[in-house]
Structures are given as C-alpha cells and as structure tokens.
C-alpha cells in the first residue's frame, strides 16, 4: 500500500463524485478560518484595549454596533449558499441519480462481525439465490449452490475488486449488527442497517490498492474489520473474474471455500 | 459565618442537614461534588485509553497489572476493555458529569438565590432527584465488575449490538433509567421554581441570563428525556423479556440465527436516542453560556451587550434543538427530502449560536476587564466554543458529512464544545460561586496555574484530532495503526495522549486548591466580586432559608458602571443603586 497517499489532510481522491465534496470541505474551512480570525482579532483587541487599569472606566451605554448586523447577515448569506448552492446539490446529484444499471457492475456486500463478504454475480450478471439457513463457515452469504444463476457467482471475504472507470452499484446489507462501509479515498460512507439492503454507487478514476474500514462500532473486533480495495484496470478485473469463477463441473458444496482468493478471515 | 440568624430553624441532625437534605444549597453542593468526582473518573478512563492509542499493543506499566488479566492481559489492553472504557467515558461525562454539574449543581445552588427564593418549589422532590442520581451513577460504575464488564456499545448504545452485548449493558439501562428520572424530577422543579418563586420586582426581563438559560434547559430536559427513558425501557425489554423492538427478523450472529421474534427496527432506537441527545447538547451548553454571561458582566463591569437578544436566542435555540436530531443519522440511508430538511434546520440553529457568541464578544467592548480566574475561564470559553461551533458546519451539511461522519473530526468538534467550552465555563462558575458556597475564595495563583495549564494542554488534546479526522481516521478504533491512513497520523496520537495526561496533572492543581481553600482560603463577605445579582445579597454561605430579609428587586440584572453613581455596580436589591454603604474602589479591582 502506498502510504505517501495519506497525510494530515484529505487523502487522495479517486472517485468521480469526490472532487465536489472536497471542494465543499475546502470552502467551509476557508469560511470558518475567516470568521475565526476576524472574530479573534476583535476579541484580542478588546481584551487588550479594555483591560482594567487605573483611571480606565467601563462604558455603561451599549455601543451601537451596525457591523455585527452586517456580519450576522453575511454569515446567514454564506450559510444559505453553502446549504443550497453547494451541499444540497452535491448530495442530491450523488444520492438520487444512480448510474445506468446496464453499464454498471452490480455487487452485493454482506457485512458481519468482523468481515466484509462480497458477492459478485459472475458472468451471467445474475445473483444466485441466497438463504439465511445456508449461511455457514464456508458459505458466508448463504448462496444456494443449486440455483442456476448462482453457479458462476464469486464470493470473496475482505477482498473488494472492481474495475476503474466503471460505475459500481453496491447493495449493502448486514447479517448481525450495524456496520458502516467506509472507503476514505472514494469519499463513500454508508451504514449497514440490519433488515435493510441499501444501494450505494461510485466510480473510480484511478487504479490502486486501498482500504475499506468499518466506521460504526460493531463489537470487539471493530477495529480490525478492514478489507483490501483493489481497483483494477478493466482487463485485470476480467482476468480476476475469470480466475476466480467456480469451475463448472465440480461438486458445488465443496467449491465455495476454494473460491476465496486468499481470504483474510477473522 | 454559617450559623447566622434564623434562630427559628432548629438545629437538624447531621444526616438531615448534609445527607438527606432538602436545602437546595446542600443538594446543589452534593450534585456538584458527586459530578466532579464522576468527571474525574470519566476522564481517568480516557487517560487509560490514551495509552493504547498512543502505544498500541504495548503493556501499560504498573496500572496494567493492577487492572487485572481480564481487562489487560499481560498489561496490554483487551479490545473489549477498550470499548468498555469508551462507552463509559461518554456516558459518565455526559449523564453523570456535565449535566449534573451544570443543572443539578449550579442550577440548584444558584437559581433560587438569583431569583430571591427561600428554596426550590418542591424541596423534597429535589432531594429525591439527587437520591435517584447518585445510585444511578454508582451502579453505572459498578457495572465494570459484572461478568463481561461494563457497557461496551458506545455511549449511544446502538442496537442490535447493545441488545446482544454482555450483562453490563443491562446495568447501563437501569442506570440510565435512574439518571433520566433524576433529571425529569429536577426539570419540573426548576420550571415551577422560576415561574412561581421570583422575588418582588423580579420580572422576566430582570432575570439574570443564567436563570433564563436554566429555564430553557429545564424545558429541554422535561420534553426530550422521556423518549430516551422509553427507549431505554424498550432496550431492557429486548434484553430481558425477549421482545424485538430494535431487532429485525433474520439476524445471524457468529454463524447462528438469533432466536428472536424479529420485526423490529434498529433505526427506531437511533431516532429516540437522538431526539434526546441533540437537545442534550444544548442542555450541556446553555447553562454554561449562562455562567459565562454572569462572569463576563461582572468582570467587564458593564451591562451585557444585547441582553434581550441573548434571551430570544436561547429560547429559539431551545425550540430548534428539537428538530435537528436526524443530522446524526445522515449515513443511515435516509431519503434526500429528510436529509435536506435536517441539514436546513441544522444551519438555522447555527444562527442564534452565532448571535450569542457575538453578544458575548461585544460585551467585552468598552469594558474594564478584570482578569480574575473565573474571567479567564469564561474568556477562554469564547474562542473554544467558536471552534467547536464552526466545525459543526461541515458535519451538519450532508455532502461534507459523507467523508467526515464518524471520524475523529467529530470527536474534536463536540469535545471543543463540551470540554474547553462547557467544562471551562463550569470551572468559571466554580471559581465564581465557590466564595458564596463556602465563605472563602479559591486561591487565585493556583487558579491561574490551573487555567493556563488546562488551556494549553486541552488544545494539544483536541486540535490534532481535526487533522486525524481529515485524514479519514475513524473513531472508536482500538488500534488505529491497522489502517494506512491511521499510520499516517499515528504521531499525533502520541501528542494527544501526552496532552491528555498533562491535562490530568493540571486538574491536580484544582483538586488541591479546592480542598486547601476550604480551610485556608481568604474569607469573604456577602459580595466579594462587587456583583449585582441577588445571590450576593445573602451571607456567604447563606443559611437555611437564604435571605435575611425578603429581597426586593429594583432594576435590571447587570447595572454596572451606571453614570452618576458612587460605585461601579448597582445591585438589583439596592433601592438607591449605589451598592452597599461600604466604600468601594472605582474602575474595577
């Protein structure tokens, strides 16, 4: 992992939507800094100029301060701009406009204490049937090995491969408690809520090896609930899919565990 | 000094006077001292956690052995113990420390005095409130010793994690029910007292700002706590009676299907919790602002700038605080309409906060500022609260919250509001009213050492957390070096931890001062700060029944430096407005 990508400020952004979030964060911090320094100068001036000393008296009559009204109005105007000019459009554009399903890679994510299970539809782009009752040590998502669509499905643990420059739609769910899907470099975060399947989407602009972490306290292993995020070139991804596809003739029940590419199991 | 007039009050036995007391001043002091002890405990838990964060996986010298092999096997902290410390730090600081000190302590001690009342409206209820609080706090602490340890699902206790957590969580629920009950009993008492027991002439526009803040706070407690109490009982039912209020069907934990009825919703808890916990933020901050207002007016020797604007602002903040709660839940997958509504209300509530801060800073303008220890803490409150408030903006806006949610940025933000914000204001209050409560002043030199050491250390603790959060570091991680972006900011963890331990050392100065001054502090008369509000019309400390003669209020609360008067303060209780007959130096101390 390239550690030079991480410092004391925002890490590198490799998503299509992240630039606008970064821009909002930057604008906000300039605004905050301006207010704080402005206030701070006046504050320090007051503390010095109006310190108690012999011969200095406090002024009873309230000072007429037109400036404070302008400053408050300025703050309100900037906040309205931040709200309706920046934040809301960015959020709406990102959250309410899912990518075209036909062009996107569709993946399911099933979180559990303390691992991330990714379920790929495989070549037929159709997910196999899953069933809670089938969940076991070697079948983390409960995939039915006999379902027709499921025969080519790929299940990985703590390994998230996807191609660059391709929209990815991820259906997020959890088996047990609330987790939070968090890839800082993709500017993506979404809680996994038990009983719900929530879609998130993103598109990477660069290849590389990054990290996925859990952002919501989920138990004693919360801190080590991490996965490798591997953004591949489309060719590498196709190759990976090929290599990890279950062999067609093998007994399906035994096939599942061998398909895990070096699972980093809990 | 304490055995002044009031011969008609018979001497009460010790346990009635100091333990099961119905006197608001004794109850206030009981609350304040218990809360200070709990604050120290809560802070100590964090100081232990900071070892693991600064030096992950290394054995903690000495203390590691004392804490035993379950918590710290081989002296190295276990992850589940780390989670217990984290959950209990939050719970203790908020529900057993800051709120009881700000409301139970200062509210109880100061409010009746400031409104010229002989006591609270319901003294017995007041006593019951304290005696619900203390056992609630004690069983919370005791939960460390049960099988599996204390609550470990965060102070927010989100189900399903909390529903399936070890027995400590059950104790947490019982403790919360007691603590909430205590606050509810207190809040109704405050409302009735402030509405009914004001002295003659004390109209609402003559109330000290502190009393306005307490009144709004009491309404927040009264209206916001019942949903959490209900939610806590529901969680208890989930844990003990097999219900599934917060558990949906089809949960599989560690490969086993949970045998539950199902059909519940974990988000219900979050809504109920945050419906309390956001107003709770203002329960933490409003009394602190009230204290800051008192101390600033007294030490600038001029009336507060924009007194009425301040009052309108706190009332508005109080109302708005009930419609912003879901900004804590932007990442749960809520619809865009909901999130737009809640980020809009969040931006609206920031406006009165800006106005309040502006009023305080404008109050400094044209003053003759005495830098007493209470004033130093109150002065420092302003920039610290400003940092805390401003950094709330990126978290309240949905788009930037995507990245910053649940990172250390959040930790830094709300700690700036609560620690160098609220807690500094509460320290200002302690230094300011300690002479009234004890008849002696806290030592000024030790007070100034305490202030400067705390001020420097606390910024070393919380400022670096903004950078960690910016780097993407998540909160509540037992070992942040698991992540590459965590390793990038690990050096800051060492700085923060040493800052926290330094902050701990600084508090020793305060503890020493607190006890030393009880015995050897300079004795004071009624009004050592040359202040104007009614609490300074009573002896220090006031006897049972508070006022020697029934007080009458003649003017606004902060009539300092009135032109043409002999003294630079015109107390509310003085008909002439020239202060007591004693000669007073002009132009501040």
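Could you tell me whether region A:8-95 comes out rounded, prolate or oblate from its Cα gyration tensor? Rule is a ≥ b ≥ c as square roots of the eigenvalues, rounded for a/c under 1.5, then prolate if a/b exceeds b/c, otherwise oblate. Provide the component values of the computation, followed by the final result.
Numbers: a/c = 7.09, a/b = 2.37, b/c = 2.99.
Note, shape of region A:8-95 comes out oblate.
Describe numerically, in nm with one decimal, the distance between label points set 7 Å from Cα along Cα→Cβ at residue B:192 and at residue B:147.
The modelled label-to-label distance comes out at 4.4 nm.
May I have the extent of the alpha carbons of region A:105-258 along their three principal axes, as whole Å values ordered from largest to smallest?
Cα extents, longest axis first: 40, 36, 23 Å.
Could you list the residues of region B:514-536 with an amide nitrogen less than 18 Å from a label point located 7 Å from the Cα of residue B:548 in the Cα-to-C-beta direction?
Inside the label zone: B:523-536.
Report the residue, chosen from A:172, A:231, A:135, that carries the largest GNM mean-square fluctuation when chain A is represented by alpha-carbon nodes joined by springs under 10 Å.
With Cα springs under 10 Å in chain A, the top fluctuation among A:172, A:231, A:135 is at A:135.
Looking at the calculated P(r) for chain B, what percent of the C-alpha pair distances fall above 43 Å? Walk me through the intermediate numbers first.
Working: 33448 of 173166 pairs.
Value for chain B: 19 percent of Cα pairs lie more than 43 Å apart.
Between region B:196-218 and region A:55-79, what is the C-alpha centre distance in whole Å?
26 Å
Could you please rank A:218, B:359, placing first whichever residue has the fewest other Cβ atoms within 10 Å of its Cβ? Kindly include the intermediate steps, with their values, before the conclusion.
Values: A:218 26, B:359 23.
By the 10 Å Cβ count, ascending: B:359, A:218.
Please compute, over every Cα-Cα pair in chain A, the percentage with a separation greater than 36 angstrom.
Numbers: 11403 of 35245 pairs.
Considering chain A, 32 percent of its Cα-Cα pairs are separated by more than 36 Å.
If I model a spin label at residue B:55 and residue B:174 as a point 7 Å from the Cα along the Cα→Cβ vector, what separation in nanometres do I get?
3.8 nm
Give the order of A:4, A:88 when sorted by the count of other beta carbons within 10 angstrom, beginning with the fewest. Don't skip to the end; give the middle numbers.
Numbers: A:4 9, A:88 19.
Ascending number of Cβ neighbours within 10 Å: A:4, A:88.
Given a Förster radius of 41 Å and the C-beta distance between residue B:348 and residue B:249 as r, what FRET efficiency does 1/(1 + (r/R0)^6) yield to the nearest 0.05? All intermediate terms of the calculation are to be shown ahead of the outcome.
Values: r = 39 Å, r/R0 = 0.95.
With a Förster radius of 41 Å, E is 0.60.
Hey, fewest Cβ within 10 Å first, where do A:243, B:556, B:280 land in order?
Numbers: A:243 10, B:556 17, B:280 24.
In order of increasing Cβ crowding within 10 Å: A:243, B:556, B:280.
Which residue, A:64, A:126, A:175, tops the fluctuation ranking in a GNM of chain A built on C-alpha contacts under 10 Å?
So, out of A:64, A:126, A:175, the one fluctuating most is A:64.
Give me the one-decimal nm value for the distance between modelled label points at residue A:123 and residue B:448, 7 Å along each residue's Cα-to-Cβ direction.
Here the modelled spin labels are 8.2 nm apart.
Of A:18, A:213, A:40, which is the most mobile in a GNM of chain A whose springs link Cα atoms less than 10 angstrom apart?
Looking only at A:18, A:213, A:40, the largest GNM fluctuation is found for A:40.
Within 10 Å of each Cβ in peptide B:320-333, how many partner chain Cβ atoms are there on average? Round it to a whole number, please. Write out the running numbers ahead of the final one.
On the way: counts 0, 0, 0, 0, 0, 0, 0, 0, 0, 1, 3, 9, 9, 11.
Per residue, the average neighbour count from other chains is 2.
How big is region B:462-526 along each principal axis, measuring the range of its Cα positions in Å and listing the largest first?
So the extents along the principal axes, rounded to whole Å, are 60, 20, 17.
Computed FRET efficiency, Cβ-Cβ of residue B:371 and residue B:566, R0 30 Å: what is it to the nearest 0.05?
Working: r = 25 Å, r/R0 = 0.83.
The value I calculate is 0.75.
Determine, for each peptide in A:137-144, A:105-112, B:330-337, the mean count of other beta carbons within 10 angstrom over its residues, then list the peptides with the highest first. All intermediate terms of the calculation are to be shown ahead of the outcome.
Numbers: A:137-144: 19.0, A:105-112: 22.1, B:330-337: 16.9.
Peptide ranking by packing, descending: A:105-112, A:137-144, B:330-337.
Set the Förster distance to 22 Å, then compute FRET efficiency between residue A:61 and residue A:41 from the Cβ-Cβ distance, nearest 0.05.
According to the calculation, E is roughly 0.35.
Using every Cα-Cα pair within the protein assembly as shown, state what percent have a distance larger than 39 Å.
Values: 153354 of 365085 pairs.
For the protein assembly as shown, the fraction of Cα-Cα distances above 39 Å is 42 percent.
How far is the Cα center of region B:282-327 from the Cα center of region B:519-548, in Å?
Cα centres, region B:282-327 to region B:519-548: 25 Å.
Assuming 0.36 nm per residue, please report the length gained on full extension of the stretch residue A:48 to residue A:73 beyond their Cα-Cα distance.
So the extension gain works out to 6.3 nm.
Would you tell me the mean number of C-beta atoms belonging to other protein chains that fall within 10 Å of each C-beta in A:16-28, as a whole number? It would help to have the intermediate numbers written out before the result.
Numbers: counts 0, 2, 2, 0, 2, 9, 2, 2, 8, 8, 1, 2, 9.
The shielding value for this peptide is 4.
Just counting partner chain Cβ atoms within 10 Å, what average do the residues of peptide B:486-496 show around their Cβ? Don't jump to the answer; show the numbers that get you there.
On the way: counts 5, 3, 7, 4, 0, 1, 1, 0, 0, 0, 0.
Going residue by residue through B:486-496 and averaging, the value is 2.
Would you calculate a helix-derived [θ] at 222 nm for chain B, using -39,500 (n - 2.57) for each DSSP H run of n ≥ 4 and dividing by the full residue count, to the nearest 500? Walk me through the numbers before you get to the answer.
On the way: 19 runs with 335 residues, N = 589.
Estimated from H runs of four or more residues: -19000 deg cm²/dmol.
Every read-out reported here was derived from the displayed coordinates using simple, explicitly stated rules and does not represent laboratory data. These numbers come from a predicted model, not from an experiment. So basically every Cβ, Gly included, is an ideal-geometry build from the backbone, and we count neighbours across all protein chains shown.
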